[in-house]
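The values are calculated or read from the model by the stated rules, or taken from the named source; none is laboratory data. It should be emphasised that the depicted structure is a prediction, and the values quoted were computed from it without experimental measurement. Here Cβ is always computed from backbone atoms with ideal geometry, including for glycine, and neighbour counts include all displayed protein chains. For the accessible areas, the whole protein counts, side chains as well, though only heavy atoms, and no ligand, DNA or RNA atoms are used. Shrake-Rupley method; radii C 1.70, N 1.55, O 1.52, S 1.80 Å.
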Amino acid sequence: MSQPEQSTVRNLLLKSLSAEAFALLQPSMETADFPLRFELIAPDVPTTHVWFIESGLGSVVATSSDDEAVEVGHVGFEGMAGTHIVLKTDRTPNKTFMQVAGHGISVPVPVLQQAMQQFPAVNDLWLNYVHCTELQLAHSALANARYNMHERLARWLLMCHDRLIGDDLPMTHEFLSLMLGVRRSGVTNELHVIEGMKAIKATRANLRILDREKLEEIAGGCYGLPEREYDRLIGLPIRRH
């Protein structure tokens, strides 16, 4: 199988690399399909590869010692799974898995580390991305503390929409309840509220975005700042317009 070419990759971090840095990674790159629930990063074991998603959507999940779980981050074509490696940590208690099937590119950890050592700009780029993920998490905490449920849900749908091709988000109400850390009945009620505003169309296993501007209006101030910071630091837009 031929290695990916930088001119055709969709992942924004790989697009942002210098040609020389991409050439260093390229011989070790492997493309792979990511089925639904595919585990990109296993918790509490040494990470051997980082993953650059080309399509689909990954979910970073924190799990407590008594098995309570909630989503703490998204990964799509804008980023990588395995950011703890950039911070010189070989493992993480968090799990990252695919909540929407897709495909992507893997790079062995030693090769990634070599690129970071050889090219300071690569190290800076990926540290900037880590900053963006931390800011996204901070704004999730802000949304949970200061915004109501349908505003938080609108933010979450916008974040998914940013990272997926098309306007369909293939997700069940049960999965949404896990990701948002609320009861399924609460998610269903809030989806009805947003659907009544003509922003989305909800079916059993799919949410279709009908009016993104309306969804942004509903989300208000709890969406947008981390996305602008990503644009500023990475230099390529993630936010849809």
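Picking from residues in the stretch 89-122 that are within 21 Å of Ile234 (Cα to Cα) and free of Cβ contacts under 8 Å to residues at least 12 places away in the same chain, the one that is most open to solvent (accessible area, probe 1.4 Å) is Gln117. Flag: Asp162 does not match the condition of being closer than 23 Å to Val75 by Cβ, surrounded by 14 or more Cβ atoms within 10 Å (Cβ to Cβ), free of Cβ contacts under 8 Å to residues at least 60 places away in the same chain and in contact with a helix residue (DSSP H, G or I) (Cβ under 8 Å, 6 or more places away or on another chain).
Among residues that are open to solvent by less than 70 Å² (accessible area, probe 1.4 Å), in contact (Cβ under 8 Å) with a residue 40 or more places away in the chain and over 18 Å from Pro237 (Cα atoms), Arg146 is not included. In this entry, Glu216 passes the filter for residues that are open to solvent by 20 Å² or more (accessible area, probe 1.4 Å) and in contact with a Leu (Cβ under 8 Å, 6 or more places away or on another chain).
Among the residues of the stretch 191-199, is any within 21 Å of the chain's Cα centre (by Cα) and not aromatic (Phe, Trp, Tyr)? There is no residue in the stretch 191-199 that is within 21 Å of the chain's Cα centre (by Cα) and not aromatic (Phe, Trp, Tyr). For the stretch 7-46, the set of residues classified as surrounded by fewer than 17 Cβ atoms within 10 Å (Cβ to Cβ), part of a loop (DSSP other than H, G, I, E, B) and in contact (Cβ under 8 Å) with a residue 12 or more places away in the chain consists of Ser18, Pro35, Leu36, Arg37, Ala42, Pro43, Asp44, Val45, Pro46, listed by residue number.
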